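The values are calculated or read from the model by the stated rules, or taken from the named source; none is laboratory data. Since the structure is predicted, the reported quantities are computational estimates derived from the model, not experimental observations. Reconstructed Cβ throughout: ideal geometry from the backbone, glycine too, with neighbour counts over all protein chains shown.
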Amino acid sequence: MLSICIPIYNCDVRKLAKTLQRQANQLETDAELILLDDASAPAYQKLNRKLDGETGIHYEELTRNVGRSRIRNVLADKAKGSHVLFMDCDTLVTHEDYLALYAQQMNKSHVVCGGHIYDTRPAEQKYLLHWTVGSNREVRSALGRQKRPYHSFMTSNFMIAREVMQDIRFHENLQGYGHEDTMFGYELKKNHIPINHIENPLLHAGLEDADSFLKKSRESIINLMKSWHMTGHDMEYAQMVTILENYLRYKSYRLFWPLKQSAPRVRMMSEKNLKGKAPRMWVFDLYKLCHLHWYDTS
């Protein structure tokens, strides 16, 4: 059996669930769809409750928000299948053989990643930053992802054997937004669990406006530093995250000392570009490097 698990937070998943339900009915293997709401706003819960009780769908709500790591562990424990397929709630299926392609891999691979894609350039300026970063940094072919399989691991679209998930869990003490996937990929690497990357992308449909995206980016930097400390400053972990690897290199050259005086100006100038009509990737990288420096307590 294939268990399709989707953590939900402030998102209408009815379209996604209906598509998965239709594809699951066409599989030769049994499938279940588990939807777990992480204390979303009542308006979203009201919409998604309509799915509860439909054939092959189990919908449940948590009374308090437990976070991105904990909810995935809870979903894995609820799953009955031999393999668990994790998807983000703000994604959409774009092709009719999405589940079938994963089902073909169930007896071949312990961990399979499908990747994801972004839609065309958004018309509204406030969404340009998220779209630009995602399109340039997250969208990769299976061949490209396979060159650095652990570096390319993301939780938004992957299948894992339940027996592996029982041994390797998401780190629940990593709170807030970001890098729970990096830590999980790190654990897979340390335990010598191979990752197979295939062409089976989901469409990332939930673009954040620039202010929200930058806020989450800053939160992810805090989590990156926390996870770096959790590994005992393992360089193998640093090499999995390009921005952290670069930061540690630049820090060793003492290139960050001028930021002590210029930090407010750097942030203001960076955000002006990143919220504008043509956000540049090198400015976004500088923005993250600066925050790594500001949050670094080592």
- What number goes with the only condition from (1) under 25 Å from residue 164 (Cα atoms); (2) touching a strand residue (DSSP E or B) at 6+ places or on another chain (Cβ under 8 Å); (3) assigned to a helix (DSSP H, G or I); (4) of a type in the set (Gly, Ala, Ser) that residue 100 does not pass? (2)
- Could you list, in sequence order, the residues of the range 148-186 that are under 13 Å from the mean Cα position of the chain (by Cα) and among the aromatic types (Phe, Trp, Tyr)? 153, 158, 170, 177, 184
- Message: When you scan the range 50-66, do you find a residue that is among the hydroxyl-bearing types (Ser, Thr, Tyr), at pLDDT 95 or above and out of contact with any His (no Cβ under 7 Å at 6 or more places or on another chain), even just one?
- Response: yes
- Message: Which count do you get for residues in the range 19-36 that are in contact with a helix residue (DSSP H, G or I) (Cβ under 6 Å, 6 or more places away or on another chain) and part of a loop (DSSP other than H, G, I, E, B)?
- Response: 2
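Yes or no, residue by residue, for (1) without any contact (Cβ under 8 Å) to a residue 12 or more places away in the chain; (2) under 19 Å from residue 234 (Cα atoms):
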| position | (1), (2) |
| --- | --- |
| 137 | no, no |
| 185 | no, yes |
| 199 | no, no |
| 215 | yes, no |
| 223 | no, yes |
- Just give me the residues in the range 151-182 being aromatic (Phe, Trp, Tyr) and surrounded by 20 or more Cβ atoms within 10 Å (Cβ to Cβ), in sequence order. 153, 158, 170
- Note on the structure: Restricted to the range 256-281 and to residues being over 22 Å from the mean Cα position of the chain (by Cα) and of a type in the set (A, V, I, L, M, F, W, C), the residue modelled with the lowest pLDDT is 259
- In the range 190-223, which residue that is in a helix (DSSP H, G or I) and among the hydrophobic types (A, V, I, L, M, F, W, C) is surrounded by the most Cβ atoms within 10 Å (Cβ to Cβ)? 221
- Criterion (more than 25 Å from residue 72 (Cα to Cα), β-branched (Val, Ile, Thr) and without any contact (Cβ under 8 Å) to a residue 40 or more places away in the chain) met by exactly one of 120, 132: 120
- So residue 93 clears everything in (1) β-branched (Val, Ile, Thr); (2) at pLDDT below 95; (3) surrounded by 19 or more Cβ atoms within 10 Å (Cβ to Cβ) except one condition, right? Which one? (2)
- Message: What's the number of the only condition in (1) buried (at least 21 other Cβ atoms within 10 Å of the Cβ); (2) of a type in the set (Lys, Arg); (3) farther than 26 Å from residue 179 by Cβ that residue 50 fails to meet?
- Response: (1)
- Message: Cβ-Cβ under 8 Å, sequence separation 6+ or interchain: first residue in the range 37-65 and assigned to a strand (DSSP E or B), partner surrounded by 15 or more Cβ atoms within 10 Å (Cβ to Cβ) and of a type in the set (Val, Ile, Thr). Which pairs?
- Response: 37/8; 58/34; 60/34
- Residue among 187, 163, 172 that is assigned to a loop (DSSP other than H, G, I, E, B), acidic (Asp, Glu), in the same structural domain as residue 15 (by TED's automatic domain parsing) and more than 28 Å from residue 273 (Cα to Cα): 172
- Of the residues in the range 114-135, those that are part of a helix (DSSP H, G or I), buried (at least 19 other Cβ atoms within 10 Å of the Cβ) and not β-branched (Val, Ile, Thr) number 4
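So, residue 106, is that one surrounded by fewer than 19 Cβ atoms within 10 Å (Cβ to Cβ) and in contact with a strand residue (DSSP E or B) (Cβ under 8 Å, 6 or more places away or on another chain) or not?
yes
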